[in-house]
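The structure appears below as structure tokens.
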Amino acid sequence: MPKSVAIVTGAAGDIGRAIAARLGDGHDIVLLADINGEAAKKTALDLGGTERFLAISCDVTDAASVAAMAEAAASVGTVRTLVNNAGAARAVSLHDTTHDIWRMDNALNLEAAFLCFRAVEEMLKESRGSVVNIASVNGMNVFGHPAYSAAKAGLLHLTRLIAVEYGKFGIRANAVAPATVRTQAWEARAAANAQVFEEAKRWYPLQRIVEPKDVAEAVHFLASPAAGAISGICLPVDCGLTAGQAEVARTFSQSIHY
Ligand SMILES: NC(=O)c1ccc[n+]([C@@H]2O[C@H](COP(=O)([O-])OP(=O)(O)OC[C@H]3O[C@@H](n4cnc5c(N)ncnc54)[C@H](O)[C@@H]3O)[C@@H](O)[C@H]2O)c1
């Protein structure tokens, strides 16, 4: 029986690292793919070494690089789980969005997931495996970062496209939509406003922001046999954000109970 492989893209980032660590439970090998190969190598070592956690340098926006990643996965086993986690946002408003930014954000946050899926789909068929796409609450509502958000909304639809067309092969596809997670991606905003995370909490029903491990738990569940009948969904991991805001409910209802 071939070894089961989980691929996590963007695995050198904080969320990717937490997902890779969690998928170590349930997979023989976790392939940490990141454009920053050195950082991926360090992450793999931190997670317990190169036997079970393998690092590979991969630009997920580049088809040749993605093909090499798929080959590397095939050389150690069969892909059972693909987590499309690499992602980033480059402009905060439409006013600040250039054509290049629009294209780059779509390439990284949407097209890359398509490329990675197509590169490993035969292995996913063999393993009757699953895809977990890391989307964002930005793909569900407007919270800034337009090009990124449009791409994440597209990623939610790609999730459904895979679920419907590939369900007959036993392949499941689901998305996780995190809200604010304190990661390297927030560095510039945290540098501009040291209170940004405190200010963010006010909008969350649970009055806290999301931790990387919260995202990792959701991914682990969706990739596991426990979620064997779940396909085509988006699971928000958002401390209640997309359910509504207590402040808005208080104003609209004039009730002190919100
Ligand atoms: N941090 C948040 O608040 C938040 C909220 C919602 C969704 N997300 C999503 O979670 C995912 C992880 O975000 P994060 O906050 O951990 O980001 P991060 O910036 O900490 O990590 C992203 C990783 O992706 C890698 N990467 C960038 N471009 C790449 C490419 N072309 N090929 C391969 N790897 C590449 C980077 O080197 C980095 O290691 C992203 O898809 C992001 O959109 C994050």
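The values are calculated or read from the model by the stated rules, or taken from the named source; none is laboratory data. Here the structure is a predicted model, which is why all the values come from computation and not from measurement. Don't worry about glycine lacking a Cβ; one is built from the backbone with ideal geometry, like all the others, and counts go over all protein chains shown. Just the protein is used for accessible areas: all its heavy atoms, side chains included, with ligands, DNA and RNA removed. Shrake-Rupley method; radii C 1.70, N 1.55, O 1.52, S 1.80 Å.
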| task | Quick one: grab Rg to one decimal and Dmax as a whole number for the stretch 68-187, Cα atoms only, in Å. | result | 15.1, 46
| task | Describe numerically, in nm with one decimal, the distance between label points set 7 Å from Cα along Cα→Cβ at TRP186 and at HIS99. | result | 3.6 nm
| field | Rounded FRET efficiency, nearest 0.05, which uses the C-beta distance separating ASN141 from ARG90 and R0 of 25 Å | value | 0.80
| query | Of all accessible surface on the chain at a 1.4 Å probe, what whole percent is carbon and sulfur? | reply | 56 percent
| query | Among 129-137, 164-172, 94-102, 238-246, what's the highest-first ranking by average C-beta atoms within 10 angstrom per residue? | reply | 129-137, 238-246, 164-172, 94-102
| field | Segments 53-61, 24-32, 81-89 sorted - mean Cβ within 10 Å per residue, highest first | value | 81-89, 53-61, 24-32
| Hull volume in cubic angstrom per residue (convex hull over the Cα atoms of the stretch 151-254) | 138 Å³
| query | What shape does the chain take by its C-alpha gyration tensor, where a ≥ b ≥ c are the square roots of the eigenvalues and a/c under 1.5 counts as rounded, a/b above b/c as prolate, and the rest as oblate? | reply | prolate
| Helix 14-23 sits at what angle to the longest principal axis of the chain, using alpha carbons and giving 0 to 90 degrees rounded to 10? | 50 degrees
| query | Where does helix 112-127 land angle-wise versus the long Cα axis of the chain, in degrees 0 to 90, nearest 10? | reply | 50 degrees
| field | 0 to 90° range, to nearest 10: angle between helix 212-223 axis and the chain longest Cα axis | value | 50 degrees
| message | Rolling a 1.4 Å sphere over the protein heavy atoms, what is the accessible area per residue of the stretch 49-90, to the nearest Å²? | response | 42 Å²
| request: Roll a 1.4 Å probe over the protein chains and send me the accessible area per residue for the stretch 201-249 in Å². | output: 51 Å²
| With the Cα gyration tensor of the stretch 1-77 giving a ≥ b ≥ c as the square roots of its eigenvalues, does the rule (a/c under 1.5 for rounded; else a/b larger than b/c for prolate; else oblate) give rounded, prolate or oblate? | oblate
| field | Helical mean residue ellipticity (222 nm; -39500 (n - 2.57) per DSSP H run of 4+; nearest 500) of the chain | value | -13000 deg cm²/dmol
| task | For SER224, SER231, write out the residues from largest to smallest accessible area, computed with a 1.4 angstrom probe and no ligands counted. | result | SER231, SER224
